[in-house]
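Novice: Please read through the structure below; I'll follow up with questions.
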Amino acid sequence: MTAFTPSGLVTQWVVSPFGTVLAVVASVAYAAILVGLHRRGDAVPVLRPITFYLVGIGSLVLATDGGLAAFRDTSFVAAAAQSAVLAAITPVGIALGDPLALARRALGERRATVLDRVVTGRTARIVMFPLLASVVATGLHLALFVTPWLAASVAHPWVRELTYAVLLGSGLLFVLPLLADELVPAWCTAGVRVLIAFGDGLLDAVPGVVVMASPALLGTPVAAYLAARDPLWEQRLGGGAMFGVAEVVGLPLLAATILVWVRSDAREAALVDARLDREEAQRLAAQARLAPGAGQDRPDTTVEVPPGSAEGLRDRPWWETDPRFTRRAP
C-alpha cells in the first residue's frame, strides 16, 4: 500500500461488509419512501434527499469503502479521520434527510404504529436523549484511541466492522432526536435542544484535543503506525483532523437546531393566534345576537365578558395568556 495522500481518498477502494450493505439498504429504503410519497402527492423538500444521499450515504461509502478505509491499517491519520467522519458527518447527513418522519408519512397513521413503538418507547427515549447520547458518543470516540480498541480493529476484521457500527450508531442516537420533536420528552423543547447542540459542539472537540495534545503515543501501539517517520507527529495530525471535522459539523448542526426552534415557535404562535381569533369571532357573534333589532327586545344590551374570553385575554399581559407558558404553570 502506498503512502496515504488526499488523492488516495477516491483512488483506493476496499469492500466493507457493514458499510456496503448499510449503504445499499438505506439508499433503497429511502428511495422507496420518496417514491411512495410522490405517488400520494406528498411533497418532500429537495434538499432532504440531496443531503441524505450526498452527505449521509456519500460519507458512509467514503469512510467504510473508500480511501479512509483502505489506509486505516497503515496510517493513523486515515484512521482518525475515518472515525470522525463516521461519528459526526455521516449521522448529520442521514438525520438531515429526516428518514424517520418521511417513513412515518409514507406508512400512514395506522401502519406507523410499529415504528412509533420502536422510536418513542420509554427505553428509546432514555437512550436517545440528546444530552446522554452526546456524552456516550464522545466517550466511545475517545475510548477508541486511549484503549487497545483501535489496535484490535486493525488486527481483526470483525472488530473493525463492529467499530464502524458503534461510531455511526452512537452518532445517530444523538443527532436524530436533536432534530425531531417526537423523539424527545415534552420538556425538552427546541430551545433546550439548541443549548444541547451548542454544548455538544464543545464536547465533540474533546477526543481530537486529547489525541492532538497528548505528549506520548496513546493506546496499544500498532506496528504499521510506528513505521512512520514520526509516529507522534502522525498522531497529532490525526487529532487535528478529528478536531477539524467535529467543529465543521458542529456549526451546521447548531444552525439546524436553531431553524427547528424558529419553526416550532412559529407553529405555536399560529395556534395561539387562531384560538384568539375564534374566541373573538364568538364574542362578536354573541354581541350581534343580543344587539337591538336582532330579535331580542332587551333594554340592556351589555354583554358580560367571561374571564377566559378573547376580550378578557386581550386586557391581560400576553405572558399570562400564552398557553406555551400557562400550560407549564403548576
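Since every read-out is calculated from the coordinates, none of them should be taken as a lab result. Bear in mind the structure is a predicted one, so any value in this text is a computation, not a measurement. Quick reminder, even Gly has a Cβ in these numbers, built from the backbone with ideal geometry, and neighbours come from all protein chains shown.
Novice: Debye sum, Cα scatterers, region 1-56, no solvent: what log₁₀ I/I(0) at q = 0.12, 0.18 1/Å?
Specialist: -0.45, -0.76
Novice: What list of ³J(HN,Hα) couplings, whole Hz, do you get for region 134-148 from phi and the Karplus terms 6.51, -1.76, 1.60, once you set θ to phi - 60° and write x for glycine and proline?
Specialist: 5, 5, 5, 4, 5, x, 5, 5, 5, 4, 4, 9, 9, 10, x
Novice: Please report the orientation-averaged projected area of region 63-112, defined via the convex hull of its C-alpha atoms, in nm².
Specialist: On the way: hull surface 16.9 nm².
So the mean shadow area of the Cα hull is 4.2 nm².
Novice: Within 10 Å, count the other beta carbons around each residue, average over each peptide in 32-44, 52-64, 130-142, and list them highest first. Before the final figure, lay out the partial values.
Specialist: Details: 32-44: 12.8, 52-64: 21.7, 130-142: 19.5.
Going from most to least packed, we get 52-64, 130-142, 32-44.
Novice: For Q282 and A32 in one chain, what is 0.36 nm times their gap in residues minus the Cα-Cα distance, to one decimal in nm?
Specialist: Numbers: separation 250, 0.36 × 250 = 90.00 nm, distance 4.67 nm.
Stretched fully, the Q282-A32 segment lengthens by 85.3 nm.
Novice: To continue, here is another question. Using θ = phi - 60° and the Karplus relation 6.51 cos²θ - 1.76 cosθ + 1.60, list the HN-Hα couplings for region 217-223 in order, rounded to whole Hz, with x at every Gly or Pro.
Specialist: Using θ = phi - 60°, the values come out as 5, 9, x, 7, x, 10, 4 Hz.
Novice: From the Cα trace of region 1-108, what convex hull volume per residue do you get, rounded to a whole Å³? Please list the in-between numbers first.
Specialist: Details: hull volume 10.0 nm³, N = 108.
Normalising the Cα hull of region 1-108 by residue number yields 93 Å³.
Novice: Grab the Cα-Cα distance for T147 and D42, subtract it from 0.36 nm times how many residues apart they are, and report the gain in nm with one decimal.
Specialist: On the way: separation 105, 0.36 × 105 = 37.80 nm, distance 4.86 nm.
Taking 0.36 nm per residue and subtracting the Cα distance, the gain is 32.9 nm.
Novice: Still on this structure: I need the phi-derived Karplus couplings for region 37-42: 6.51 cos²θ - 1.76 cosθ + 1.60, θ = phi - 60°, integer Hz, Gly and Pro marked x.
Specialist: Computed from phi, the couplings for region 37-42 are 5, 5, 5, 7, x, 8 Hz.
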